[in-house]
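The values are calculated or read from the model by the stated rules, or taken from the named source; none is laboratory data. In this text, all values refer to a predicted model and were calculated from it rather than measured experimentally. So basically every Cβ, Gly included, is an ideal-geometry build from the backbone, and we count neighbours across all protein chains shown.
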Amino acid sequence: MKRNEGITMIALIVTIVILLILAGITIGAITGNNGLIGQTQEAKEQTEIGEEKELRRLTALEAATNLEEHEFEDSNGEKVIIPAECAVSQVEGENTLEDGLVIIDKNENEWVWIEVSKSKMPENLNFESNEDYTILETALQNYANDYRIDGYTDEYYEGCGLEERDYTILKQNMLKSIYENGGFFIGRYEVGTFDLPVTNNDTRTAVIQEGAYPYNYITCSQAQKLSERLSIGGKKSSLMFGIQWDLIMKFLESKGVSQSELKVDSSDWGNYNNSLYSINKKAQYSMNQGNTWNGYPYTKNEDKEIILTTGAVNKNKKLNIFDLAGNLWEFTLEYSNNPAIPVSFRGGRSYDKGSLTPVYKRNCYLVDHSSYDLTFRVFLY
């Protein structure tokens, strides 16, 4: 009797130990780094990434069939004219003006609509004289005055990549287009390229797509030439003027972004030295000025200077526009009014702190200056 009871107790203890071991193995298999839950979540995320990518591809295919510009009305009843060879994104959250309307062209480049209220513009302009352009420009400057800086003007200077006559025509066409359409489209991302290595030239293919390496190490003149190559649907493309960047600030403000974020500290939604975030699974980052790139996973802490591929962090977007604040400086056609350093650029850079270079701020440099921290963004007109 005693011997039988002892064997039963030992068997029970052994059974419990085995069950505990099996439970530990099972829990580890479910919850570990490569566990079932992790694998399920990974599969779900990869499926979502694949579905979104397919929707963008389908939108680009639709764009190729849109041979004429057409009016689009979103679910809130707001309307905008979509250029030919472009279509409104089919991805959820990108098809209303309230959230930031995204269009995709037949080349898979992405653009966002910047609305400019017609109530802020003079009535009955016909642009039959230069005076009408001056009247409109003054009105827009007054409207966006909070984001202007004394001394910087949209005036021609040598080295911007245009002849003076072409600069004037471009500026007038930009103003007229804003007046007639109630806004303008800008590149959703900083202009990038999938062609490495990075060199100081304008021969690489330029794109406005997620996951590209920022197109840097070029001069303002080279950036303007590259901008023109992104034209689509009968519309032309170019570097932005200073007034357009200011109007983007007003657009963001009208959608609820505070002036403090725009004028004082943009680090909460930009890639700056003092920013904190984790990159997306499709993203890459560089810690050596773009010479080499690393992928997911990566969590950035303070006092780290890194460059991101385009669209790398969802936190770093406003109204579906990525990296206006602080990935790299972005060339514009605005003149600094200093002949020695006339080239103007906006948006901040990764090794600054957001409180020092908020998104509205300007900087300037030489006409032949190129660097890893200078890229560009374009608009359609």
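Some notes on this structure:
- Among the residues of the stretch 199-238, those that are out of contact with any Asp or Glu (no Cβ under 8 Å at 6 or more places or on another chain) and of a type in the set (Asp, Glu) comprise 202, 228.
- Only one of the listed residues (357, 375, 310) is outside any loop (DSSP other than H, G, I, E, B), buried (at least 18 other Cβ atoms within 10 Å of the Cβ) and among the polar types (S, T, N, Q). That residue is 375.
- Hits in the stretch 337-354 - residues which are surrounded by fewer than 24 Cβ atoms within 10 Å (Cβ to Cβ) and at negative phi: 338, 339, 340, 341, 342, 351, 352, 353, 354
- Per-region count, the stretch 328-364, residues touching a Phe, Trp or Tyr at 6+ places or on another chain (Cβ under 9 Å) and under 16 Å from residue 154 (Cα atoms): 19
- Of all the numbered requirements in (1) surrounded by fewer than 16 Cβ atoms within 10 Å (Cβ to Cβ); (2) in a loop (DSSP other than H, G, I, E, B); (3) on the phi < 0 side of the Ramachandran plot, residue 71 misses one, and that requirement is (2).
- Residue, surrounded by the fewest Cβ atoms within 10 Å (Cβ to Cβ), within the stretch 74-97, restricted to residues that are polar (S, T, N, Q) and under 20 Å from residue 188 (Cα atoms): 96
- When each of 161, 182 is tested for being under 30 Å from residue 52 (Cβ atoms) and of a type outside the set (Phe, Trp, Tyr), the lone residue that passes is 182.
- Subset of the stretch 140-173 (residues that are crowded, with 16+ Cβ neighbours inside 10 Å, out of contact with any helix residue (DSSP H, G or I) (no Cβ under 7 Å at 6 or more places or on another chain) and over 19 Å from residue 362 (Cα atoms)): 167, 170, 171
- Filter result for residue 375 (within 23 Å of residue 259 (Cα to Cα) and within 19 Å of the chain's Cα centre (by Cα)): no
- Qualifying residue in the stretch 298-306 (condition: under 19 Å from residue 375 (Cα atoms) and in contact with a helix residue (DSSP H, G or I) (Cβ under 6 Å, 6 or more places away or on another chain)): no
- Count of residues meeting criterion [part of a loop (DSSP other than H, G, I, E, B) and of a type outside the set (S, T, N, Q)] in the stretch 92-151: 22
- Among residues of the stretch 189-222 being outside any loop (DSSP other than H, G, I, E, B) and closer than 18 Å to residue 56 by Cβ, the one that is nearest to the chain's Cα centre (by Cα) is 192.
- Scanning the stretch 172-188 for residues that are within 14 Å of the chain's Cα centre (by Cα) and outside any loop (DSSP other than H, G, I, E, B) returns 185, 186, 187.
Residue by residue, here is whether (1) assigned by TED's automatic domain parsing to the domain that holds residue 64; (2) under 29 Å from residue 319 (Cα atoms); (3) hydrophobic (A, V, I, L, M, F, W, C) holds:
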{"residue": "128", "(1), (2), (3)": "no, no, no"}
{"residue": "141", "(1), (2), (3)": "no, yes, no"}
{"residue": "157", "(1), (2), (3)": "no, no, no"}
{"residue": "170", "(1), (2), (3)": "no, yes, yes"}
{"residue": "174", "(1), (2), (3)": "no, yes, yes"}
{"residue": "179", "(1), (2), (3)": "no, yes, no"}
{"residue": "203", "(1), (2), (3)": "no, no, no"}
{"residue": "214", "(1), (2), (3)": "no, yes, no"}
{"residue": "218", "(1), (2), (3)": "no, yes, yes"}
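The rows are residues; the columns are (1) closer than 24 Å to residue 107 by Cα; (2) acidic (Asp, Glu); (3) surrounded by fewer than 22 Cβ atoms within 10 Å (Cβ to Cβ).
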{"residue": "194", "(1), (2), (3)": "yes, no, yes"}
{"residue": "219", "(1), (2), (3)": "no, no, no"}
{"residue": "240", "(1), (2), (3)": "yes, no, no"}
{"residue": "254", "(1), (2), (3)": "no, no, yes"}
{"residue": "270", "(1), (2), (3)": "no, no, no"}
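Okay, residues lined up against (1) part of a helix (DSSP H, G or I); (2) at pLDDT 95 or above; (3) touching a Cys at 6+ places or on another chain (Cβ under 7 Å); (4) β-branched (Val, Ile, Thr):
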position	(1), (2), (3), (4)
224	yes, yes, yes, no
244	yes, yes, no, no
252	yes, yes, no, no
262	yes, yes, no, no
268	yes, no, no, no
282	no, no, no, no
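- The single condition among (1) more than 30 Å from residue 281 (Cα to Cα); (2) modelled with pLDDT of 60 or more that residue 1 does not meet is (2).
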